Amino acid sequence: MQGPLSTWLVKHGLIHRSLGFDYQGIETLQIKPEDWHSIAVILYVYGYNYLRSQCGYDVAPGGLLASVYHLTRIEYGVDHPEEVCIKVFASRRNPRIPSVFWVWKGVDFQERESYDMLGIFYDTHPRLKRILMPESWIGWPLRKDYISPNFYEIQDAH
């Protein structure tokens, strides 16, 4: 089932995939990484000028990684904001997604956290470096196939 934003995107020839609605009735769309930056700019101009949150997750061990954006559009007042959830999936072997820092500056630390925890590289991000883990940390701790460097030391202790 297509929502109003998906219908609008189709009308304007913008490629995406409707993923339906979440449990709160928020329309969810999938955008390809190569289309994400241009569609982000279009959504901003269309009125989605507030990025509520961005997060990342590992879809499945050895599978895709996802970057998720929650956007809000307040057109006629704060009583009835329109919200949309955008999911951008990236290959685990080359997890690159265009940064939307230059569209929504508030995504700065959020994209850095997704990079730090999952290893998603956000192209054109001005300060893409670890934010929670030490710079010397090896690997991406929230990937489902991650094994801590201390795992074998702990196993040997028992």
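Every number here is computed from the coordinates shown, using simple stated rules; none is lab data. Just so we're clear, the structure is a prediction, and the values are computed from it rather than from any experiment. Reconstructed Cβ throughout: ideal geometry from the backbone, glycine too, with neighbour counts over all protein chains shown.
Working from label points 7 Å from Cα in the Cα-to-Cβ sense, the Val59 to Lys105 distance is 3.4 nm. How far is helix 33-46 tilted off the main Cα axis of the chain, in degrees rounded to 10, range 0 to 90? Helix 33-46 sits at roughly 40 degrees to that axis. For the stretch 45-122, GluC sites (Glu not before Pro) are listed when DSSP marks them as loop and at most 15 other Cβ atoms sit within 10 Å of their Cβ; the list is Glu75. As a calculated quantity, the FRET efficiency between Met1 and Gln24 at R0 = 22 Å, using C-beta atoms, amounts to about 0.90. Computed on the Cα trace of the stretch 12-62, the radius of gyration divided by the Kirkwood hydrodynamic radius gives Rg/Rh = 0.98. Full extension of the chain between His12 and His80 yields a length gain of 22.1 nm, computed as 0.36 nm times the residue separation minus the alpha carbon distance. Counting every C-alpha pair in the stretch 96-154, the share spaced more than 13 angstrom apart comes to 60%. Under 18 Å of direct C-alpha separation, and excluding same-chain neighbours fewer than eight residues apart, Lys87 reaches these lysines: Lys32. Kirkwood analysis of the Cα pair distances in the stretch 1-147 returns a hydrodynamic radius of 15.9 Å.
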